[in-house]
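The values are calculated or read from the model by the stated rules, or taken from the named source; none is laboratory data. Fair warning: this is a prediction, and the values are worked out from it, not measured in the lab. Cβ: placed from backbone, ideal geometry, glycine included. Neighbour counts: every protein chain shown. Accessible surface areas use protein heavy atoms only, side chains included; no ligands, DNA or RNA. Shrake-Rupley method; radii C 1.70, N 1.55, O 1.52, S 1.80 Å.
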Amino acid sequence: MWVGAGDGAHPPVRKGSLVVNTLLDNLDIFVKHFGTTLVLFAWSAVFSLILGTIVAAMRVSPVPIMRAVGTVYVNTVRNTPLTLVMMFFALGYPQLGLPKLDYTVLAIIALTLYTATYVAETLRSGINTVPLGQAEAARAIGLTFGQSLGQIILPQAMRAVVPPMFNVLIALLKNTTIAAGFSVLEAGAIRAFLSERGEPALVVLLWVAAIFVVLVLLLSLLQRYFEKKWRVA
Amino acid sequence: MSTAPGGRADGSANVVSVKGVNKHYGPLHVLKDINLAVGKGEVVVVLGPSGSGKSTMCRTINRLETIDEGEIRVDGELLPQEGKALAKLRAEVGMVFQSFNLFANKTILQNVTLGPQKVRGMGKQEAESVALDLLAKVGVANQKDKLPSQLSGGQQQRVAIARALAMRPKVMLFDEPTSALDPEMINEVLDTMISLAKEGMTMIVVTHEMGFARKAADRIIFMADGQIVEESTPEEFFTNPRTERAKDFLSKLITH
């Protein structure tokens, strides 16, 4: 049923159950590892949205030093491959003599610092879609920079930002698999784990991919919800 | 060539005082040694051809445009550089823009209550009652729950006036408030401005509406090429302009 009929000696039913059994027999591993993936994703998403908003605010701030710091941060971290950022935290950080942190926590820090640069730039492109007159009117009634941003600019920027921001979040979800290379047992590590149990690698990878597709579809549904909610009147 | 620098130089009573202001856009000298003083309750109308710097001058008074040289005082206080002090001073200066600039994500009522609540720390109920009074005064109270995009240009501009008035400003700046309006909506906005002038509001109005200038202005400032070229009463300016530049400007208005 799962594999096309007509490959001779083996009845399709047996093969079909093999594919399904690969999942069901190892459900503990799938659940545990995807659980870690979701933990990595959720915390990194929350923190990078917060940090990214702060960095975006810095980059449009009237204070030159703020703008400079924001620009340098975005341009250095965004231009570094995520694997290197991750490597720094997994291998370099423990040698700095700072408080010892769990690998999962280190992975969240690396993912956050990396993703926040994309969040910041996405927000900034949204801010640029808001007509300048809106900011001028906000300033003219005496709102501070923070108030103009929070009350007037960002709420309007959000509409333009939803689709590209979800691109960033989807990329983040998939980027969590890089943490597998640094001792964090998330979805990217399932194949290595199950190879030891003698499960067929290809089938395992297909299941991992299928679950990712479902997770991304869920994110897309969330995206559609926000697009509707913030549709321009 | 023109009147004394500093206009009515009667010192401390000036709500707005502009002294020796210069501004450049790269090689372009857009404001040349501007001196202007506006007393309490005075209505000053700024006329001039486009590109003469009149909008730029208007925008320097609440520092939406920075200046290279000179000083600007509002109610005796020097305009601060940036930050909270500047925001505080801007709250004292009402501004009405050519393109209305109502907050697109807020209702009409919220547009008017935002400043009093966030800047003045007024309670929601009080801010709403003040806002409703002002919206009634400019004739758009029945639109209070709509979004700006659902209103006509004339209505939007009247809301913008109410939004500025809600801050109880010491002076109102109007930067070509009717230039983006359809002809049939210009009068409703000008009427609002005239009644405001009659109530004693201090106003600086950049406009091309000569009828308004004649009717409401205490003083006309005529600008050309970044300079104040002529300064006089409306009567004097329209019937007996002193400079060639003003004569030329007025002759073009009449023949077209």
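Quick notes on this one:
- Chains A and B, summed buried accessible surface - 1.4 Å probe, Å², nearest 100: 1800
- Under 5 Å between amide hydrogens, built in the peptide plane, is the criterion, and for B:VAL229 it picks out B:PHE222, B:MET223, B:ALA224 among residues at least 5 positions away or on other chains.
- Accessible surface, per residue, of the stretch B:41-99 when the full set of protein chains is kept, probe 1.4 Å, Å²: 38
- Applying 1/(1 + (r/R0)^6) with R0 = 35 Å to the Cβ-Cβ distance of A:ASP102 and A:LYS228 gives a FRET efficiency near 0.35.
- Convex hull volume per residue, computed on the Cα atoms of the stretch A:16-63, equals 64 Å³.
- Given R0 = 56 Å, the distance between the Cβ atoms of A:ASP28 and B:LYS252 translates into a calculated FRET efficiency of 0.05.
- Anisotropy class of the stretch A:189-233 from Cα gyration tensor, a/c 1.5 cut: prolate
- Among B:GLN125, B:GLN143, B:GLN156, the residue with the largest mean-square fluctuation in a Gaussian network model of chain B, with springs joining Cα atoms closer than 10 Å, is B:GLN125.
- P(r) weight above 17 Å for the stretch B:24-108, C-alpha pairs, percent: 57
- Amide H contacts of B:ASN105 (H built 1.01 Å from N, under 5 Å, at least 5 apart or other chain): none
- For the stretch A:29-146, the per residue solvent-accessible surface stands at 47 Å², with DNA, RNA and ligands left out and a 1.4 Å probe.
- Relative frequency of Cα-Cα separations exceeding 19 Å in the stretch B:106-256, percent: 58
- Longest exposed-site-free window of chain A, the sites being trypsin sites (Lys or Arg not before Pro) in a DSSP loop that have at most 15 other C-beta atoms within 10 Å: A:1-99
- Once backbone amide H atoms are built at 1.01 Å from N, B:VAL46 has B:VAL205, B:VAL206, B:THR207, B:ILE221 as its partners under 5 Å, excluding neighbours fewer than 5 places away on the same chain.
- According to the Cα-based calculation, Rg over Rh for the protein assembly as shown is 1.17, with Rh computed by the Kirkwood formula.
- Whole-angstrom gap from the stretch A:53-102 to the stretch B:98-119, using each part's C-alpha centre: 37
- Net charge dipole, the protein assembly as shown: roughly 820 debye, given to the nearest 20, about the Cα centre with Cβ charges of +1 for Lys and Arg and -1 for Asp and Glu.
- For chain B, modelled as a GNM whose springs connect Cα atoms under 10 angstrom apart, the maximal fluctuation among B:LYS88, B:LYS144, B:LYS170 occurs at B:LYS88.
- Averaging 1/r over every pair of different alpha carbons in chain A and inverting the result gives a Kirkwood radius of 20.3 Å.
- Computed from the Cβ-Cβ distance with R0 of 56 Å, the FRET efficiency linking A:ALA192 to A:VAL63 stands at 0.70.
- Heavy-atom accessible surface of the protein assembly as shown: percent carbon and sulfur, 1.4 Å: 59
- Crossing angle, helix B:108-118 versus chain B [Cα axis fit, 0-90 degrees, rounded to tens]: 80
- A 1.4 Å probe over all protein chains sorts A:TRP230, A:TRP207 by accessible area into A:TRP230, A:TRP207, starting with the largest.
- Solvent-accessible area per residue for the stretch B:147-204 (1.4 angstrom probe, square angstrom): 35
- Choice from B:LEU86, B:LEU102, B:LEU114 with maximal GNM fluctuation in chain B (Cα, 10 Å cutoff): B:LEU86
- Dipole axis of chain A (+1 Lys, Arg; -1 Asp, Glu on Cβ), positive-most option in A:THR83, A:THR115, A:VAL208: A:THR115
- Extending 7 Å from Cα along the Cβ direction at B:HIS24 and again at B:LYS88 yields two label points whose distance is 3.4 nm.
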